[in-house]
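The values are calculated or read from the model by the stated rules, or taken from the named source; none is laboratory data. Quick caveat: nothing in here was measured; it's all calculated off a predicted structure. Here the Cβ is made from the backbone with ideal geometry for all residues, glycine too, and neighbour counts use every protein chain on show.
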Amino acid sequence: MIASRKRFARSPLGFDFMSVSDYWHLQKLDSTGQSRRQQLTAAYTWLLEQAPNAVEETDDDHRLLQARLLSDWQQGQMALALLCLRCAVSHAILRACWQLVSQFGDYYQFCRADLLPFVLDDEGRPLSDYQPFGVHIVETYTPGRASLEGWAAHLTRNHRELNQFLIERGLYRVSDWAILNDTQVSQLSRILGEFHRLTEAEIAAAETLLSRYHDVYRRDRLQLATGRKRGRCQMPSDHQLHAINAKLAPRTVLGQLRQLAYWLRQYRIHVRGGLPLLEPLDAEESQELPAPAPSDSDTQQEDFLQAYRQQFEAALAVAMSDTLQAYCDKLRRKKAEKADDFLKALHLFHCEGESMKAIAPKLGLTNQVAVTRLMNLKRFRADVRSALLTQLQSRVRDTALNFTSAEQLQALGDRLDALLAEEADRLIGEAESEAKIPHNRTANSRFARQLCASLQHLTIST
């Protein structure tokens, strides 16, 4: 009987979960497309001979075992050392897929069996001309820069075919800052004009914003990357935001950049053959909010997720109220009654479920086109999204510090930013899909429920 599994410590955020027994059990696909855990006796026997205390390793010794296996394999001495690493990597691949499904699967309609065929292709046989994905992970791994588990998760989440599948489902897992960094200013006229139908003035403003972003952001990335590889695109600092536009508060500039990135994200999904973000849209290396852990940290994990949900709702309430107030202030400067019509139109449409055609005469407008222009829902939702992300940025990080160390949180880097952006996209997508229902529409989406609550408060307070 092989020794029982021993789990290593893992942070409540759900990363770096590894078991010693993973080194002699291979996760492989069965005939139904599901994963099956298969014991490889040859790997276990060899590991027991080479490292007899392996089944009782501590966390530190676990890393030493990994280093020894890598050294043995790289020196060309032990094919079985590579087999042990292939086994361990297969579990990391499975966990990465499980994490994607747990975070996004329900909304984007995919399951683990949809993802595994792209990446779980190792049968545990001696290597031939075909190289399994797990072998590629081991061959490209550099000890010391990340854990093997983290590297395997990174490559899995960035697997080309797997990501194309996700894009086809409407999920594009790239940060706002990376999208802005590699979009050419010359592309904006076509993307924003032809696809999003923005005005010439809005396009010109976007071109100026993106050009300034490139001037500041690319310059700083080149300076920071001198003599070393550039990392993932991080959220711009207040200093950079001030340099992009010194006339506006950094928070306002950040919101403008997020809004522009949102429009570009919608376009990229469209041209890549995915479901348009105008329909549905829910945390790397890319990005995911932590998945539940099958370990003793379940309670702590649930506490974190509960705290996160509370912070998300609080952030949405503030973002919605702030955006509504900003719109009202702007409209009142033009014409006092217009702000009242805007609030009434939003209430009738979202809270009463009335069509724009029915709303028009109640506001003294000629047709539903005038109502569409008044509410400008596409722009309004984008502004709420920007305000929401600004709120989430500090709230979620502060919450996470109660469950993990500052070093672990910093290591997540832009992953958390991208995850929060995807969560905001899902919120907006739900609202957009709901708004397309022509009859008997109710405020079921989180966006609409919060909008109705904020409208009631705003009406009372004003």
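A compact table of results
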{"read-out": "Set 159, 214, 136: member being at negative phi, touching a Phe, Trp or Tyr at 6+ places or on another chain (Cβ under 8 Å) and modelled with pLDDT of 80 or more", "value": "159"}
{"read-out": "Helices (runs of 4 or more DSSP H) wholly inside the range 351-420 containing at least 2 residues that are surrounded by fewer than 20 Cβ atoms within 10 Å (Cβ to Cβ) and modelled with pLDDT under 85", "value": "377-400, 406-412"}
{"read-out": "Any pair with Cβ under 7 angstrom, 6 or more apart, that starts in the range 73-88 at a residue that is modelled with pLDDT under 75 and ends at one that is of a type outside the set (Val, Ile, Thr) and part of a helix (DSSP H, G or I)", "value": "78/72"}
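This table checks each residue for (1) modelled with pLDDT under 75; (2) part of a loop (DSSP other than H, G, I, E, B); (3) closer than 22 Å to residue 105 by Cβ.
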site	(1), (2), (3)
232	yes, yes, no
275	yes, yes, yes
294	yes, yes, yes
337	no, no, no
